[in-house]
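S.K.: Okay, here's the structure, questions in a sec.
The values are calculated or read from the model by the stated rules, or taken from the named source; none is laboratory data. Predicted, not measured: the structure shown is a model, and the values here were computed from it. Backbone-built Cβ (ideal geometry, glycine too); neighbour counts: all protein chains shown.
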C-alpha cells in the first residue's frame, strides 16, 4: 500500500506533497472519491483466495480503477497481472509499474500497433487480442520489423460486443495465427458481459454456462487440430462463483468486486434479491451547498461527480429512502433529507467504472485517516 510518506510521482502528474493531501477524511475537498481500505482489502482477499482455491488465474480488470497503485496491490494479492480495456490505459498502467497486461480490445491501425510494439518491448508478457486475419498480419509485420515475438489471443464473440464467432471461424483464425512466425497464440479471451448482469441468479448460471461453454468447446476444437491453446480468460464479478465450475476456463478477469456499486447490487444473488457477495468500498463525499427550500438540499456533485449511464443517480449512504435527482453538471438535489448547509454526505455510486473516470484521485481512507492518494493515471485513456 502507498504510505503517507510516499505518495505519487507519475509522468505528467505533479507530485503530491504530504502537506497538500489532507490527513483526515473530513478535510477532503468535495466532491471527493474515496475507497475504504478495510472493505477494499477484504474484497481483494476474498476474490484472490477464492480463485486460488479454485485453481484459476486472477487477472482483475483495471478499467474499474484505472490506477497503477491498485494494479500493483492486486499483484501482491496473487494476481498474474491486470486487464486493460484499451491500449492507452495499458500504457498508463505500465508507466506506473503494472505488469502482466491483457488488452481486452483489439488494437487496430499502424500507429496504435507501433505503440503496442513499444509496450511489448517494455513488458514482453503483454497480451493483445485479435478477431481478424488482417489484424494478425499487421501485428506479425510490426513484430518482425521490431525483432520481437508478440503474444496474441483470439477474442471470442460470446457477449454481443467484439470478437470472432466460436467454432470453425475461430479455428480458421487460430490456424492462420499459428502459421505466422513473429506472433504466438496465447489462447482465447471470452468475456460475456450480458451474463454478468442477468437476473435472477438461476438465469445468470444458465447464461454463463452457455456462453462460456461455447468458448470451452472452441478451445477443445483448436487443440484437437494440433494447435496449443492452454489459456482461456473471461468471467466477471457477477459470475465469480459460477465460472470456476466450468472446466476449461483458466483465469478470471473480474473488476467491480473491489469497489461495488448500486448496479451490481441490483443483479441479485443465489437466494437473495440483492448481491452482497462483496462490500461497497467506493463512495463519493459531497457537501450541502444550498437549501433553496425547507424540503430541498443541494450538494456540490452532479453529472461531473457521478456516472449517469444507468438511468439513476447515487444513493445517500445508510439512507436509501432519500430521493436524489441531478441538478446539472455541478449539483445534485436531495429531498427531505434534513441535511444542513455545510453537512458532508457520502454516496454509493450508480456505476463504479465510469464514476472513477471522472476523478483525478482516489483517496484511500481507513476510518477517519487518509492513508494514501492514488492518481487515476489512466483516466480518459480511451484510445
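S.K.: Among the residues that make up the range 178-195, is at least one of them over 25 Å from residue 252 (Cα atoms), in contact with a strand residue (DSSP E or B) (Cβ under 8 Å, 6 or more places away or on another chain) and either assigned by TED's automatic domain parsing to the domain that holds residue 250 or not in a helix (DSSP H, G or I) (or both)?
M.R.: Taking every residue of the range 178-195 in turn, at least one turns out to be over 25 Å from residue 252 (Cα atoms), in contact with a strand residue (DSSP E or B) (Cβ under 8 Å, 6 or more places away or on another chain) and either assigned by TED's automatic domain parsing to the domain that holds residue 250 or not in a helix (DSSP H, G or I) (or both).
S.K.: Next question. Of the residues 159, 97, 116, only one is assigned by TED's automatic domain parsing to the domain that holds residue 243, in a loop (DSSP other than H, G, I, E, B) and more than 24 Å from residue 246 (Cβ to Cβ); which? Steps first, answer last, please.
M.R.: Working: 159 fails: more than 24 Å from residue 246 (Cβ to Cβ); 116 fails: in a loop (DSSP other than H, G, I, E, B).
One residue alone meets the criteria, 97.
S.K.: Right, another one. For the range 75-94, name all the residues that are touching a helix residue (DSSP H, G or I) at 6+ places or on another chain (Cβ under 8 Å), farther than 18 Å from residue 155 by Cβ and assigned to a loop (DSSP other than H, G, I, E, B).
M.R.: Scanning the range 75-94 gives 77, 78, 79.
S.K.: Of everything in the range 119-156, what is closer than 24 Å to residue 80 by Cα, within 28 Å of the chain's Cα centre (by Cα) and assigned to a loop (DSSP other than H, G, I, E, B)? Give them in sequence order.
M.R.: Passing the criteria: 123, 124, 125, 126, 131, 149.
S.K.: Output the residues belonging to the range 162-177 that are touching a residue at least 40 places away in the same chain (Cβ under 8 Å) and either touching a strand residue (DSSP E or B) at 6+ places or on another chain (Cβ under 7 Å) or part of a strand (DSSP E or B) (or both).
M.R.: 162, 166, 170, 173, 174, 177
S.K.: Next question, about the same structure. What single numbered condition from (1) in a loop (DSSP other than H, G, I, E, B); (2) modelled with pLDDT of 95 or more fails to hold for residue 338?
M.R.: Residue 338 satisfies all of (1) in a loop (DSSP other than H, G, I, E, B); (2) modelled with pLDDT of 95 or more except (2).
S.K.: List the pairs whose first member sits in the range 233-248 and is under 22 Å from residue 151 (Cβ atoms) and in the same structural domain as residue 60 (by TED's automatic domain parsing), whose second member is modelled with pLDDT under 95 and outside any strand (DSSP E or B), and whose Cβ atoms are under 7 Å apart, counting only residues at least 6 apart or on separate chains?
M.R.: Cβ pairs passing all conditions: 234/191; 234/192.
S.K.: What is the number of the single condition among (1) surrounded by fewer than 24 Cβ atoms within 10 Å (Cβ to Cβ); (2) farther than 16 Å from residue 376 by Cα that residue 101 does not meet?
M.R.: Unmet condition: (1).
S.K.: So the check is Cβ under 9 Å with 6+ separation or different chains; which pairs have a first residue in the range 370-383 that's within 10 Å of residue 357 (Cα to Cα) and a second one that's part of a loop (DSSP other than H, G, I, E, B) and modelled with pLDDT under 95?
M.R.: 377/8; 377/11; 377/12
S.K.: Quick one: residue 198 ticks every box in (1) buried (at least 16 other Cβ atoms within 10 Å of the Cβ); (2) on the phi > 0 side of the Ramachandran plot; (3) part of a loop (DSSP other than H, G, I, E, B) bar one, so which box is it?
M.R.: Only one criterion in (1) buried (at least 16 other Cβ atoms within 10 Å of the Cβ); (2) on the phi > 0 side of the Ramachandran plot; (3) part of a loop (DSSP other than H, G, I, E, B) is unmet by residue 198, namely (2).
S.K.: Surrounded by 17 or more Cβ atoms within 10 Å (Cβ to Cβ), more than 23 Å from the chain's Cα centre (by Cα) and farther than 20 Å from residue 67 by Cβ: which single residue out of 268, 313, 332, 328 fits that description?
M.R.: 332
S.K.: Let me ask another. If residue 323 satisfies all but one of (1) touching a strand residue (DSSP E or B) at 6+ places or on another chain (Cβ under 6 Å); (2) farther than 30 Å from residue 49 by Cβ; (3) touching a residue at least 40 places away in the same chain (Cβ under 8 Å); (4) surrounded by fewer than 20 Cβ atoms within 10 Å (Cβ to Cβ), what's the number of the condition it fails?
M.R.: Going through (1) touching a strand residue (DSSP E or B) at 6+ places or on another chain (Cβ under 6 Å); (2) farther than 30 Å from residue 49 by Cβ; (3) touching a residue at least 40 places away in the same chain (Cβ under 8 Å); (4) surrounded by fewer than 20 Cβ atoms within 10 Å (Cβ to Cβ) one by one, residue 323 breaks only (3).
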